[in-house]
Amino acid sequence: MIVTDNGTELTSNAILKWQQDRSLEWHYIAPGKPMQNGFVESFNGRLRDECLNEHLFSNYRHARQIIEEWTNDYNLNRPHTSLDGLTPYEFTTQSMKDQNLNRANL
C-alpha cells in the first residue's frame, strides 16, 4: 500500500494508471491532515530543511548529486532515535542477521 497526500503530482492520470497497472493499493490521507502520514512528513521536512533549502542547484545532475550525498549520509552515517540509535543500514543488517539466527534455531 502506498500512502500519499492529495497533491496534484500524486493524483494525475499518469500516476493513477501506473498504480493500476501494478495493482497497487493507494490510500490518500485526508486533506489538511499531514500527521496521517507522519513518517513521510517528518522525512520530507528533514530533506527540505537539511538539504534542499541549503543548496542552490545549477542543473538536474547537480541536484541529484547533492541529494544522493545527503541520502547516503542519512542512511549510512546518521543514527536514528526511532531505530534505537542505529543507522538505517545497521538496522537492516541487524534485522537480516536476526532473521537468519531465528531460522537456525528452528
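The values are calculated or read from the model by the stated rules, or taken from the named source; none is laboratory data. Since the model is a prediction, treat every value here as computed from it, not as a measurement. Please note: Cβ atoms are built from the backbone with ideal geometry, for glycine as well, and neighbour counts cover all protein chains shown.
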Handout entry: Meets criteria (over 27 Å from Leu16 (Cα atoms), modelled with pLDDT of 95 or more, basic (Lys, Arg) and assigned to a helix (DSSP H, G or I)) for Arg61
Key = yes
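Does the range 42-53 contain any residue that is loosely packed, with under 10 Cβ neighbours inside 10 Å and modelled with pLDDT of 90 or more?
Pass one, the range 42-53, residues loosely packed, with under 10 Cβ neighbours inside 10 Å: 53.
Now restrict to residues that are modelled with pLDDT of 90 or more: 53.
Yes, because at least one residue in the range 42-53 is loosely packed, with under 10 Cβ neighbours inside 10 Å and modelled with pLDDT of 90 or more.
Right, Gly32: of a type in the set (Gly, Ala, Ser), at pLDDT below 85 and surrounded by 10 or more Cβ atoms within 10 Å (Cβ to Cβ) or not? Explain how you work it out, then say what you get.
On the way: of a type in the set (Gly, Ala, Ser): yes; at pLDDT below 85: yes; surrounded by 10 or more Cβ atoms within 10 Å (Cβ to Cβ): no.
Considered against the rule, which asks whether it is of a type in the set (Gly, Ala, Ser), at pLDDT below 85 and surrounded by 10 or more Cβ atoms within 10 Å (Cβ to Cβ), Gly32 comes out as no.
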Fill in the blank from the handout: Of the candidates Glu54, Glu25, Glu68, the one satisfying the condition of being under 29 Å from Gln94 (Cα atoms) and of a type outside the set (Val, Ile, Thr) is Glu68
Fill in the blank from the handout: Among residues of the range 15-50 being within 22 Å of Leu83 (Cα to Cα) and hydrophobic (A, V, I, L, M, F, W, C), the residue farthest from the chain's Cα centre (by Cα) is Met35
Handout entry: Residue tally, condition among the aromatic types (Phe, Trp, Tyr) and either assigned to a helix (DSSP H, G or I) or within 26 Å of Arg64 (Cβ to Cβ) (or both), over the range 27-48
Key = 2
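Given the criterion in a helix (DSSP H, G or I), at pLDDT 80 or above and surrounded by 13 or more Cβ atoms within 10 Å (Cβ to Cβ), identify the matching residue among Trp70, Trp18.
Details: Trp18 fails: surrounded by 13 or more Cβ atoms within 10 Å (Cβ to Cβ).
Result: Trp70 is the single residue among Trp70, Trp18 that is in a helix (DSSP H, G or I), at pLDDT 80 or above and surrounded by 13 or more Cβ atoms within 10 Å (Cβ to Cβ).
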